[in-house]
Every structure is written in structure tokens, then in C-alpha cells.
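No value in this document is a laboratory result; all are computed from the given coordinates. Note that this is a predicted model, so its numbers are computed, not measured. Every residue, glycine as well, gets a Cβ built from its backbone with ideal geometry; the counts of neighbours run over all protein chains shown.
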Protein chains: 2
Amino acid sequence: MELHETLPNEKVIYFGDTARTPYGSKSPETIKEFAEQIVDYLVSKDVKLIIIACNTVTAMALDSLREKYPQVPIYGVIGPVVRKVVNDGCRKVGIIATKATIGSDVYSRKIKELSPATETYSLACPALVPLVEEGFTHTEIMEKTVEFYLDDFVKNNDFDNLILGCTHYPLIAEHIRKLYPELTLYNSSAEVVNELKDYLEENDMLAEPNEFQDRYYASDLSDNFIAMTDLLFKDRDSKIKLVKFEN
Amino acid sequence: MELHETLPNEKVIYFGDTARTPYGSKSPETIKEFAEQIVDYLVSKDVKLIIIACNTVTAMALDSLREKYPQVPIYGVIGPVVRKVVNDGCRKVGIIATKATIGSDVYSRKIKELSPATETYSLACPALVPLVEEGFTHTEIMEKTVEFYLDDFVKNNDFDNLILGCTHYPLIAEHIRKLYPELTLYNSSAEVVNELKDYLEENDMLAEPNEFQDRYYASDLSDNFIAMTDLLFKDRDSKIKLVKFEN
């Protein structure tokens, strides 16, 4: 995790809504409702800051969550990569993401707010997340699926930068680089950590070295999730505790 | 729907847990819990019989649901196709299904209970459901994914019958037939309706012609679900009502 590398003293309380994943093709109302339940839970754990490590939830719920929980700063994964793309002077930007994120048009809107002349091109790729979650990341099927989605999209539009607008997509960047080596890829999660570091420094919120342990919670302890956390958090103790919402 | 064709007087109260789909890679505990919430809801609607139109829920929860709700007959999709396969005298049977269904080993156990000499071969194919739900049914990617899962499985075992142990799989039977024309395919949902008809007749529970309308409920009104119901229920009025569990 980039967070651990850049900010080693910060300890993480992680919540994965594995009982109800994936979010990308759900309706905005349901995504907002589920996100509020999770933020309620994290707030009850007395966190100093919340990162929504998911583009779909950021797109659907960041504004309403900030309004509902003014007591805790909430970071999304969209703003930082948008600022990065604009700061880098990109003029033609492609965006791939889930159906919900693309449907919200939030990337285009935010880019054009900062840089009205930048042209944006958006595409939903809903099968990519389930294929990653079922272990197809390094397969020919994944490459073909990436090609299925991107081929016309890349050929019919002349953008030279592509935002990977879903936290799963950096895992399949190898295929995109191989198929479209001319594109510069932007990774939404990587940029968050840099902004977060600046924010914590400016607001004197950085943690001192401490003995706290990261804590991992999930709404379902499925085999898939346990395998994924073993992969993601292999350097840290990653015992996962089950959390059930009252449902 | 086969049910409408075979039993036109029976009216349906359908519940789709679209907010939490898919179930196939979730843990047994979570699947049981979600299934109980749904059965509670259907029982509150005063239904005379419940069909669990999902192999995963049947595999994980049928026994416990029957115990918890003795007042209403509950039908699963596994028993009927198992009886059909055994009655047809199949001696070597392949089974493909979700990870949860295969993990439960329920198909093998039930087949061997009725016919101990029958050999069974099981394989989980977890990416097939998400690909169907994201609209890949008739694509080359779906064919390649079917081949990816089945090629070694079919070649390394000598079964000649294959149970499509997931309610989504009949939608992709075209690919299986094309790749493996020597296999006889068994469809778990088709068999349920035949047994159900016998049961209703024997127990004098058949509906008279009536003016009731089918009712459709779902936990999330996502675009995907609305598109699917338009396809499945095109012959009937299919206004869908949103149901939220207390969560």
C-alpha cells in the first residue's frame, strides 16, 4: 500500500464491504446509503481522517458524506488525480471507470472546472472489476476484455492521457500499456497519498511513531477477500474482523 | 419464464437482491443471513410456496430455511435436476457452478445418495455470472472464458453429462454446446417447474384463473437489473418496487 510507504506512522482502520461488493453497477441511492453506514462505523472508531478508497463511492457520495460528517475530513480518490492531470497540462484526457462513476460524469466536470479547454472522453468498463476479483488479472481473457472495451474508444478519440478511474485498474495497467503504449496512464489512488501527506503536515496532524496496529474489518469473510488482503497487506499483520450492519 | 408457461394461473412475488448480488463468492454465513431476510419478507407477503431460484442459496441455505420456516413449503433448484439426472441413468456427471455451490459439494452428495455408483466431477466457474450480468453473453470473450474453465475439466475427465448448476448458465449454453457437442446438458431451473407442477396438483394447491398481478421487488433498482427484467419478463407487466432491509 502506498499509504504505508509514504506515511509509515499513520495507522489504518480499513473497512471492506465484502458482503455487498461490487458497487460499480449499483444505483446512486444504494451506494450513498451503504457508504453512510460505513462512515458511521469508522467515525465510531474515532478516526482523525477518512479516505474513500473507491472511485465509485467518491463519485456518488463524497459531497453528501462531507455534508453529513463535518467533524472529520473526508478524502476521495478523484480530486487528487484531477488536479495532477490539470497541473501536468494534459489537454485531451480519457477516463475509464465503473458504470456508476462514468454515469456521474464527475471526472469530466471536475477537470473542466479547473481547465475548461481540456477535452475529456469517458468510458464505462463494468466487467473489469469482477474479472480482477475472480483472479483473471494476468490472463489472455483479461487482455481481450481490456481490448474489447478500449480498442474503439482509443482509436476513435485522440486523447493521449488516460485516467484509471477505478482502484482496481492499476492491477491491469500491464495490459493497457502493452496494447496502447502511446498513452500516459494516471492512477487515482497514487495521487491521494501525496495530497494526504501535504494535508497532514499543513494541519499538524501527522502521527508520531506509535505502537498501534492497523485494523481490518469486512462485512463478509469470503475466500476471495482473504486472498486479496493476503496479497495487499502482506507486509503487515492482517487479521480481519467481521462487522455486520444491523440488517 | 418456464413457470409462467407451465403454470399460467400461478402468480409470482419475485424478490431480487440486487443491492448485494452476486452471491456466488460470498461466505456461507452471509448467504444464509441474506436468504433469511428475503424469506422473512416473502412470508410476510403470505405466499403459499417459495422457490429459491438460485443454486448458491439452495446449496447454502435450503436446509436451514426449511427448518426455520416449517409453515411454508420451500423448493430449491438442486433436488429436481439431481433426480432427473439419476432417473435418466447418467453414470458420469460433471457439475459447474459458483464457488459457494461447488464448495458445499451438495450436488455430488445428493447424486451419490440416490445413486452411489455415479461418478461426479465438480468445477467452480466464478467469473461466468459477472460476465453474463455485464452483457458479455454472446461475445467471444464469454466463449473464451467458458473454454478457459472447461477445457481441461472436460478433457481430463470422461463425463458425458454436465449439470449447469447456476441459474445464469443456461444463458451461455450456446458456447458450451459449440465447444463440447458431445455433452448432454442438464438445466437446474427447467426441472424445478415440472416437480412444482406435480406438487401443486398432488396437494390440491393449484391456483384458479385469477386477476392477481405478478409483483417484482428488488433491493436496488440498478440499470443492470432493470435491463434484465425487461428481458426476462417481457411478456408481463414488470414494474419493480424497491425494498430496503433495515440496514
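Structure notes:
- Across the range A:47-52, rounded Karplus estimates of 3J(HN,Hα) from the backbone phi angles (6.51 cos²θ - 1.76 cosθ + 1.60, θ = phi - 60°) give 6, 8, 6, 10, 10, 8 Hz, Gly and Pro being marked x.
- Computed from label points 7 Å out along Cα-Cβ, the spacing between B:LYS155 and A:LYS241 is 4.9 nm.
- Fluctuation leader among B:GLY103, B:GLY76, B:GLY165 - chain B, Gaussian network, Cα springs under 10 angstrom: B:GLY103
- In nanometres and ascending order, the distances from the A:LYS45 label point to those of the other copies are 3.7 (point 7 Å from Cα along Cα→Cβ).
- Peptide A:21-30 - average C-beta neighbours from other chains (10 Å radius): 6
- Teacher prompt: B:ARG83 distances to equivalent labels in other copies, 7 Å Cα→Cβ, nm: 6.5
- Rounded to the nearest 0.05, the FRET efficiency derived from the C-beta distance between A:HIS4 and B:TYR69 at R0 = 41 Å is 0.30.
- Evaluated at q = 0.13, 0.15 Å⁻¹: base-10 log I(q)/I(0), Debye formula over Cα of the range B:23-144: -0.61, -0.79
- Where N is the number of residues in the protein assembly as shown, Cα Rg divided by 2.2 N^0.38 Å: 1.05
- Among B:GLU174, B:GLU113, B:GLU147, residue whose mean-square fluctuation peaks in a GNM of chain B (springs only between Cα atoms under 10 Å): B:GLU113
- Cα convex hull of chain B, projected area averaged across orientations, nm²: 13.5 nm²
- Phi angles of the range A:12-20 translate, via the Karplus equation with coefficients 6.51, -1.76, 1.60 and θ = phi - 60°, into HN-Hα couplings of 10, 10, 9, 10, x, 8, 5, 6, 10 Hz per residue; Gly and Pro are given as x.
- Candidates per GluC sites (Glu not before Pro) in the range A:175-222, loop by DSSP, up to 16 other Cβ within 10 Å: A:GLU182, A:GLU211
- Two-decimal Rg/Rh across the range A:78-188, once Rg and the Kirkwood Rh are taken from alpha-carbon atoms: 0.95
- Simple spin-label estimate for A:GLN213 and B:THR139 gives 4.3 nm between the two label positions (7 Å along the Cα-to-Cβ direction from each Cα).
- Candidates A:MET60, A:MET142, A:MET228: whichever shows maximal mean-square fluctuation once chain A is modelled as a Gaussian network with Cα springs under 10 Å: A:MET228
- FRET efficiency for the A:MET205 to B:ASP40 pair, using the beta carbon distance and R₀ = 35 Å, is estimated at 0.20.
- 5 angstrom amide H check on B:TYR216, placed H, neighbours 5+ away: B:TYR14, B:LYS241
- Using the Karplus relation 6.51 cos²θ - 1.76 cosθ + 1.60 with θ = phi - 60°, the per-residue 3J(HN,Hα) values for the range A:199-208 come to 4, 5, 5, 4, 9, 6, 10, 5, 6, 6 Hz, with x marking Gly and Pro.
- Exam field: A:ASN194 pseudo-label spacings to other copies (7 Å along Cα-Cβ), nanometres: 6.4
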